[in-house]
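For reference, the structure is listed below as structure tokens.
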């Protein structure tokens with residue numbers, strides 16, 4: 001055997017090569033991901049329905065360890081689609097796969113790389129204890145670990161579907177759907193999918209969940225249709241031109257946010273109403289009788305920051321380089337952990353800025369614990385749930401007129417960890433979107449400016465000094 005042939009055989013054995021084959025029926029291409037010796041296959045077979053009509057049916061055979069973790073092994077039959085599309089199919093196992101977690105379903109995927117971003121809806125062959133189930137899974141970043149969004153034990157869907165829907169005609173989201181006998185319904189939650197490009201792979205997949213055997217599914221009624229949202233659509237707030245701040249000039253103004261935190265001492269009934277009292281009047285509880293009424297022991301801190309990327313002792317969120325909440329843990333200065341394990345409770349944080357917004361659709365969000373209310377131009381564009389754990393919440397709004405809009409966010413902290421990130425979604429050249437910290441102009445975010453004192457007073461700081469420190 002020649003050296004060249006030996007090198008070729010070594011490359012085919014070691015390198016994770018994916019080779020797409022010619023189309024079969026409705027599918028443009030079929031492939032094993034990664035290349036597994038062409039063990040998987042998609043075969044088009046004829047089926048005559050009860051009305052005597054010849055319809056398409058496929059036998060899809062898959063091999064590989066799983067679609068899960070940081071990389072996948074499966075067989076994929078797909079089309080490349082642009083925009084808001086749905087792929088759906090009826091699925092059923094042929095015989096009984098050797099592994100209980102063999103999976104068949106539909107998928108949207110960025111590429112045929114084994115660690116690609118992907119979203120799927122599936123029927124698993126799990127029969128031990130919990131019976132067959134329908135699930136949805138996703139990998140939101142290349143090479144990240146896959147996570148599940150819905151896992152419905154005992155619910156077997158005959159038809160599974162997955163679709164990309166464009167919120168407001170622009171912002172991409174993924175909706176997993178299934179038909180359990182009463183028509184399409186959403187399973188799991190609507191997932192914002194900024195990292196899926198405008199052109200993506202939509203198709204049917206099978207994995208045997210076993211490197212020593214294959215699994216075959218019967219797939220029929222495969223449909224590619226324009227997406228039409230099945231579950232509840234997210235609210236889109238209209239931001240009228242009248243909400244723009246008149247006379248504001250960015251010239252000479254610093255980029256960034258005024259961030260102010262006050263810690264309550266009287267905490268009976270602590271919640272959003274008491275948070276507003278604390279931020280508006282500097283007091284809370286039954287002793288708070290009006291503006292200017294002091295309550296000894298309340299601590300506060302204020303600073304100007306380039307971004308809102310705050311953490312006490314909660315999770316690190318989506319971005320690194322966290323800062324502490326102003327006035328919280330003032331004597332701790334660790335490089336990587338603002339709280340150093342110390343956990344302050346029952347405080348309120350207010351974020352103030354002026355944001356330049358272009359006309360059209362926008363998406364922003366918060367990663368927070370315990371809850372945040374966000375207003376632009378005095379109009380509430382969204383709020384995250386009160387008393388929730390650290391997680392992302394996205395807000396959508398449409399700007400009628402380009403201009404400067406005041407930004408005010410109020411964040412409630414009760415017990416346990418605390419975190420507040422504010423971010424924005426911006427569009428890439430390939431049609432995908434990315435999440436960046438609000439105010440990160442270098443990465444495409446809308447410019448954000450420190451408000452002048454008159455705006456600060458209007459937004460609620462009143463006569464409080466801008467840089468007032470802890471009492």
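A compact table of results
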{"item": "Options 145, 182; residue that is farther than 20 Å from residue 216 by Cα and without any contact (Cβ under 8 Å) to a residue 40 or more places away in the chain", "result": "182"}
{"item": "Residue, modelled with the highest pLDDT, within the range 330-360, restricted to residues that are closer than 21 Å to residue 284 by Cβ and part of a loop (DSSP other than H, G, I, E, B)", "result": "346"}
{"item": "Positions within the range 249-264 being in contact with a strand residue (DSSP E or B) (Cβ under 6 Å, 6 or more places away or on another chain) and buried (at least 19 other Cβ atoms within 10 Å of the Cβ), in sequence order", "result": "257, 258, 259, 260, 261, 262, 263"}
{"item": "Residue match in the range 167-174 (condition: assigned by TED's automatic domain parsing to the domain that holds residue 77, in a loop (DSSP other than H, G, I, E, B) and modelled with pLDDT of 95 or more)", "result": "no"}
{"item": "Selection status of residue 243, under 27 Å from residue 362 (Cα atoms) and crowded, with 16+ Cβ neighbours inside 10 Å", "result": "yes"}
{"item": "Candidates 169, 69, 143, filtered to the one that is surrounded by fewer than 17 Cβ atoms within 10 Å (Cβ to Cβ) and closer than 28 Å to residue 183 by Cβ", "result": "169"}
{"item": "Residue within the range 180-192 that is within 19 Å of residue 224 (Cα to Cα) and in a loop (DSSP other than H, G, I, E, B) present", "result": "yes"}
{"item": "Flag if residue 204 is assigned to a strand (DSSP E or B) and farther than 30 Å from residue 402 by Cα", "result": "yes"}
{"item": "Qualifying residue in the range 403-414 (condition: out of contact with any helix residue (DSSP H, G or I) (no Cβ under 8 Å at 6 or more places or on another chain), at pLDDT 95 or above and more than 26 Å from residue 241 (Cβ to Cβ))", "result": "yes"}
{"item": "Exclusive hit being touching a strand residue (DSSP E or B) at 6+ places or on another chain (Cβ under 7 Å) and surrounded by 21 or more Cβ atoms within 10 Å (Cβ to Cβ), set 360, 371, 385", "result": "371"}
{"item": "Residue count for the range 281-315, restricted to those that are at pLDDT 85 or above and more than 16 Å from residue 344 (Cβ to Cβ)", "result": "8"}
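So that you can scan it fast, the table gives a plain yes or no per residue for (1) buried (at least 23 other Cβ atoms within 10 Å of the Cβ); (2) touching a strand residue (DSSP E or B) at 6+ places or on another chain (Cβ under 6 Å):
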residue: 123; (1), (2): yes, yes
residue: 135; (1), (2): yes, yes
residue: 150; (1), (2): no, yes
residue: 159; (1), (2): no, yes
residue: 185; (1), (2): no, no
residue: 195; (1), (2): no, no
residue: 198; (1), (2): no, yes
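The values are calculated or read from the model by the stated rules, or taken from the named source; none is laboratory data. Computed from a predicted structure; not experimentally measured. As a convention, Cβ positions derive from the backbone with ideal geometry for all residues, glycine included, and neighbour counts pool all protein chains shown.
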